[in-house]
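One structure below.
The numbers here are math on the coordinates, done by the rules we state, and not lab data. Values in this document were obtained by computation on a predicted structure and should not be read as measured data. Glycine also receives a Cβ, built like all others from the backbone with ideal geometry; neighbour counts cover every protein chain displayed.
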Amino acid sequence: MESLFDQIKNNLKKGMEEGIAVLKEGANVVSVKMNELSEEGKRQYQIFNLNLKIQDRINELGGITYAAIASGKTLDEDKKIKVAFAKIKKLEWQLNKIGGKRIKTAAAKKLAKKGKAAAKKAATKTSKQTKPLK
């Protein structure tokens, strides 16, 4: 028959082995989750970086357009405008490829609001005109 000391020793050994197994499993789970979060962080950084590049190219396009109009050229004649536009399209394609959305600037948001307000106003105007007569 085992002595009390041997039973305690065996129980402690068994408990230590189970604890180490659980600890290893937990460490593996943490490692996998860290890799997932790291990859998502890299992806978010790429999205942010592409959005900044797109904004820079749009600003550049605006400057080129202004210079062309100021010099009296038509926008169709200026090849720099077409090149800048193609660069923006390429950056937007890259952004869509990694699954990102384009961040709108304050100016773009204002234009979108104006567009919605104008559409709403036109719809209201149209609905008033098409009311049936009693």
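What to note about this one:
- Annotation: residue 99 fulfils all but one of (1) surrounded by 12 or more Cβ atoms within 10 Å (Cβ to Cβ); (2) in contact (Cβ under 8 Å) with a residue 24 or more places away in the chain; the unmet one is (1).
- Cβ-Cβ contacts under 9 Å between residues 6 or more apart (or on different chains), taken from a first residue in the range 68-80 that is among the acidic types (Asp, Glu) to a second residue that is surrounded by 10 or more Cβ atoms within 10 Å (Cβ to Cβ) and not in a loop (DSSP other than H, G, I, E, B), are listed as 76/82; 77/68; 78/64; 78/65; 78/67; 78/68.
- On inspection, residue 49 passes the criterion of being within 30 Å of residue 91 (Cβ to Cβ) and surrounded by 11 or more Cβ atoms within 10 Å (Cβ to Cβ).
- From 8, 58, residue being assigned to a helix (DSSP H, G or I) and within 30 Å of residue 99 (Cα to Cα): 58
- Hits in the range 72-90 - residues which are closer than 20 Å to residue 56 by Cα and either in a helix (DSSP H, G or I) or of a type in the set (Val, Ile, Thr) (or both): 79, 80, 81, 82, 83, 84, 85, 86, 87, 88, 89, 90
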